[in-house]
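**Student:** Can you keep this structure in mind? I'll have questions shortly.
The values are calculated or read from the model by the stated rules, or taken from the named source; none is laboratory data. Since the model is a prediction, treat every value here as computed from it, not as a measurement. Here the Cβ positions follow ideal geometry from the backbone for every residue, glycine too, while neighbour counts run over all protein chains shown. Side chains included, ligands, DNA and RNA excluded: accessible areas come from the protein's heavy atoms. Shrake-Rupley method; radii C 1.70, N 1.55, O 1.52, S 1.80 Å.
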Amino acid sequence: MSIFEFTNYQDFLDYWLSQRPKAGRGQMLKLAQAIGINPATVTLIFSRKRDFTPEQAADAAEFLGLTEIETDYFLNLVMLARAGKPNLRKKLETHRQEILKRAQNLQSR
């Protein structure tokens, strides 16, 4: 599965973790160390009680080995999860659709 098949970054993280050897055992600790946050915070993010900050999301995308366009999409999903006002959510959703179109164009080449 591709990140572009997800509309929630935490669902993508769950999938990513499930694809790691030993069902991702130890990967949340490595992620926390890579982005410089407490492992308990990563646990809260995976349990959907917190969201990444944009800075943490950028570092997480690098840790996950995402390409530039995948990183744009991942960051957009994080911002969507954090957005509080409907007009911001609408703009971010429009941007998400634009990223999806660019990704499809790249994949069809």
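**Student:** Select from the stretch 43-61 the residues that are open to solvent by 30 Å² or more (accessible area, probe 1.4 Å) and not in a helix (DSSP H, G or I) and write down the one among them that is farthest from residue 19 (Cα to Cα).
**Tutor:** Applying the filter and picking the extreme gives 53.
**Student:** For the stretch 6-42, which positions are among the polar types (S, T, N, Q) and either over 19 Å from residue 79 (Cα atoms) or assigned to a loop (DSSP other than H, G, I, E, B) (or both)?
**Tutor:** Scanning the stretch 6-42 gives 7, 8, 18, 19, 27, 33, 38.
**Student:** Has the stretch 90-109 got any residue that is at pLDDT below 95 and not in a helix (DSSP H, G or I)?
**Tutor:** yes
**Student:** Let me ask something else about it. Take the residues of the stretch 3-32 that are among the polar types (S, T, N, Q) and modelled with pLDDT of 95 or more: which is least open to solvent (accessible area, probe 1.4 Å)?
**Tutor:** 10
**Student:** Another question about this same structure. Name the pairs: first residue in the stretch 62-80 and more than 13 Å from residue 13 (Cα to Cα) and in a helix (DSSP H, G or I), second residue among the basic types (Lys, Arg) and open to solvent by 50 Å² or more (accessible area, probe 1.4 Å), Cβ to Cβ under 9 Å, at least 6 apart or on different chains?
**Tutor:** Close Cβ pairs satisfying both conditions: 69/102; 72/102; 80/89.
**Student:** Within the stretch 70-99, how many residues are closer than 15 Å to residue 5 by Cβ, more than 12 Å from the chain's Cα centre (by Cα) and either of a type in the set (Lys, Arg) or open to solvent by 30 Å² or more (accessible area, probe 1.4 Å) (or both)?
**Tutor:** Qualifying residue count for the region: 2.
**Student:** Right, here's the next one. Which of the residues spanning the stretch 18-36 are within 17 Å of the chain's Cα centre (by Cα), under 20 Å from residue 3 (Cβ atoms) and not basic (Lys, Arg)?
**Tutor:** 18, 19, 24, 27, 28, 31, 34, 35
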